[in-house]
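Input: a single structure, listed below in structure tokens.
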Amino acid sequence: MRKRLISPIRWTGAVLRRGWLELDRAAVVEVTSEAAAHPIEGALLNEGGRGWRAATPGVQTVRLLFDKPQTITHIRLVFKEQEFARTQEFVLGWSEDRGTSWKDIVRQQWNFSPPTTVDEREDYGVELSDATALELTINPDISRSDRYASLESLQVAV
């Protein structure tokens, strides 16, 4: 067997230098529901908010409609669950035509198992030219319909 050891990928901090969009100024947000104590602003503004939580159980959608087309290079999602063991699935998609048609970026499942596995952090390097919309659909528990979707944070870099 021929093999070769390689150096680990070094963290360069490039993501930290990216230009995170100020979503409150760059987009209109649409959301299927939100709890009064956890509005969507808590997940979209970079102010250390308390995240977003749905007001009703089941599948929920968060949609960003950009004021002008964006070239998106990075998307960061953070989910937290400290109470219930559950398997969450989400789909992240984008559109070039303000939502007339959608293209999937990723579909992913994650198992939360409190108290040990309570955070899901996803960082996606992407090349989305002329993006006019992003859509995140969250099924909070693929085996139950009585769980509430939540999102700790969503950041978009250009």
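Every read-out reported here was derived from the displayed coordinates using simple, explicitly stated rules and does not represent laboratory data. The structure displayed is predicted, hence computed values, not measured ones. Here the Cβ positions follow ideal geometry from the backbone for every residue, glycine too, while neighbour counts run over all protein chains shown.
Gap in Å between the Cα centre of the stretch 118-158 and the Cα centre of the stretch 54-102? Cα centres, the stretch 54-102 to the stretch 118-158: 4 Å. Take the chain and mark each of the GluC sites (Glu not before Pro) that is in a DSSP loop with at most 14 other Cβ atoms within 10 Å; the longest unmarked stretch, sites excluded, is 84-158.
Relative contact order (percent) for the chain, with alpha-carbon contacts under 8 angstrom and 6 or more residues of separation?
Details: 365 pairs, mean separation 50.8, N = 158.
Value for the chain: 32 percent.
Within the shell defined by Cβ-Cβ distances under 9 Å, the residues around ASP119 carry a net charge of -1, with Lys and Arg each +1 and Asp and Glu each -1.
Apply the Debye scattering formula to the stretch 19-157, with a single equal point scatterer on each alpha-carbon and no solvent, then give log10 I(q)/I(0) at q = 0.10, 0.15, 0.19, 0.22 Å⁻¹. The computed values of log10 I(q)/I(0) come out as -0.30, -0.70, -1.13, -1.48. Rounded to the nearest 500, the helix-only mean residue ellipticity at 222 nm of the chain stands at -1000 deg cm²/dmol, with each DSSP H run of n ≥ 4 adding -39,500 (n - 2.57).
Electrostatic bookkeeping for GLN108 treats Lys and Arg as +1 and Asp and Glu as -1; over the other residues with beta carbon under 10 Å from its beta carbon, the sum is -2.
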